[in-house]
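Values in this text are rule-based calculations from the coordinates and carry no lab data. All values derive from a computational prediction rather than experimental measurement. Here the Cβ positions follow ideal geometry from the backbone for every residue, glycine too, while neighbour counts run over all protein chains shown.
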Ligand code: BG6
């Protein structure tokens with residue numbers, strides 16, 4: 001079904017996100033016939049450029065990054081006319097006045113209110129100013145159909161996140177705000193809800209009585225690439241843990257929702273964040289480990305250390321790896337550790353959640369039979385492998401009773417023939433349809449910052465004396481291994 005007539009204005013339209021993600025996503029939505037014929041994409045950037053040149057560049061982006069590969073001519077020709085490029089300073093009122101006129105014309109033609117979506121793909125320093133200008137021009141006034149989409153980072157700590165929320169909420173209603181966490185748009189991430197709450201099989205064991213611990217690991221092979229200027233003021237805690245990793249933790253730990261209503265789901269997730277035990281600044285070293293990569297090797301190539309990357313301070317104290325042990329202090333999870341970690345220049349690129357179950361209460365097999373014993377584990381592969389594996393013991397065929405672990409596997413590749421939409425397709429369609437379920441509410445963002453803040457402050461105030469402390473292409477620092485090994489556990493390695 002087609003959605004309403006829509007004008008989507010992308011501030012920061014000439015940037016990477018538009019080129020790599022947003023336009024390929026909108027293009028695919030149009031192929032799948034979600035977009036109305038009355039659809040307009042206005043990209044505003046500071047670079048001077050003709051629309052025709054700009055469209056050519058976007059075409060190239062689609063060819064490179066769309067999940068469907070190179071665009072079919074017919075499909076591109078049907079989509080390209082939606083796009084218009086405008087150059088200008090975000091503080092210049094003309095931009096907003098012009099936009100207002102476009103919207104009026106569109107609404108007249110449509111004979112109804114249209115969706116007015118403002119997408120902030122800009123440096124966060126412009127968030128408040130743009131919101132203010134939208135407000136002054138009356139562009140934010142339609143409480144139902146004017147929507148603001150905000151990319152991360154949402155604040156740089158608790159205080160700045162609060163301040164930004166306060167400012168935005170003085171202009172918009174909460175239901176007009178779509179704070180993006182692109183992990184929530186991923187199919188495998190959405191599937192955590194289906195897996196947990198559409199099956200009777202797992203929920204009865206999803207608690208402290210059966211689960212020993214949980215691991216959430218988001219590793220990337222890439223370094224900071226050309227984002228040094230941003231990343232050196234961010235670091236792994238802010239860039240990955242506060243948002244993506246905490247959201248994954250919420251989905252694993254939340255209580256069953258009563259319905260699929262946006263606020264119901266978000267309430268249940270917020271409950272998890274509120275239950276997470278605060279780590280005092282004095283205890284940070286016990287619960288958290290940080291790392292920064294030094295030079296190393298990846299796939300036979302030598303790669304530079306973080307401190308010699310472009311736009312990075314040669315004495316930088318920024319962490320490119322973080323590992324934390326959390327506890328969710330409620331009935332379900334009392335005393336179950338949740339180990340999370342995320343890092344750049346790791347050995348592998350993968351996002352994996354491991355749920356490790358407790359051992360059997362009594363071991364009936366003789367020692368020889370269980371040489372190879374491994375605990376039951378459920379491994380939820382978010383990416384690049386997509387699927388779920390359950391590891392259990394089986395009798396190894398042979399004349400003797402010998403146990404060995406085997407995997408029961410569900411994977412997307414073999415199960416679903418149809419193409420899998422990208423996170424941004426899901427999220428953009430949700431914005432167009434006005435569904436905020438997969439977006440972060442103000443209180444969630446603040447609750448996540450509250451958890452991260454003491455660690456952040458401790459690490460900022462006490463620069464590491466041993467950075468760099470892991471070699472590029474490895475699994476992070478020793479201290480992260482020690483963090484989990486102290487409890488007799490170890491990070492799962494994915495084959
Ligand atoms: C972004 C971070 O939010 O997520 C990047 O800023 C990171 O540093 C990226 O590389 C990872 O996203 P994905 O979808 O590739 O796992």
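Over the chain, one equal point on each Cα, no solvent: what is log10 I(q)/I(0) by the Debye formula at q = 0.12 Å⁻¹?
-1.18
So what's the projected area for segment 1-71, the Cα convex hull averaged over all directions, in nm²?
Mean orientational projected area (segment 1-71, Cα hull): 4.6 nm².
How would you order 3-12, 26-35, 255-264 from highest to lowest mean count of nearby Cβ atoms within 10 Å? Could the numbers behind the result be given before it?
Working: 3-12: 22.1, 26-35: 20.1, 255-264: 12.7.
Top of the packing list down: 3-12, 26-35, 255-264.
So, by mean Cβ neighbours within 10 angstrom, what's the order for 218-228, 184-194 with the highest one leading? If you can, show how the numbers build up before the last one.
Numbers: 218-228: 17.1, 184-194: 19.2.
The peptides rank, most packed first, as 184-194, 218-228.
Report the Cα centroid-to-centroid distance between segment 87-106 and segment 261-331 in angstrom, as an integer.
Segment 87-106 and segment 261-331 have Cα centres spaced 40 Å from each other.
How big is the C-alpha Rg of segment 389-477 next to the rule-of-thumb value 2.2 N^0.38 Å, as a ratio?
1.92
Based on the alpha-carbon gyration tensor of segment 206-253 and its eigenvalue square roots a ≥ b ≥ c, which shape applies: rounded if a/c is under 1.5, prolate if not and a/b is larger than b/c, or oblate?
Prolate.
What percent do you get for the relative contact order of the chain when only Cα pairs under 8 Å and 6+ apart count?
Over the chain, the number comes to 18 percent.
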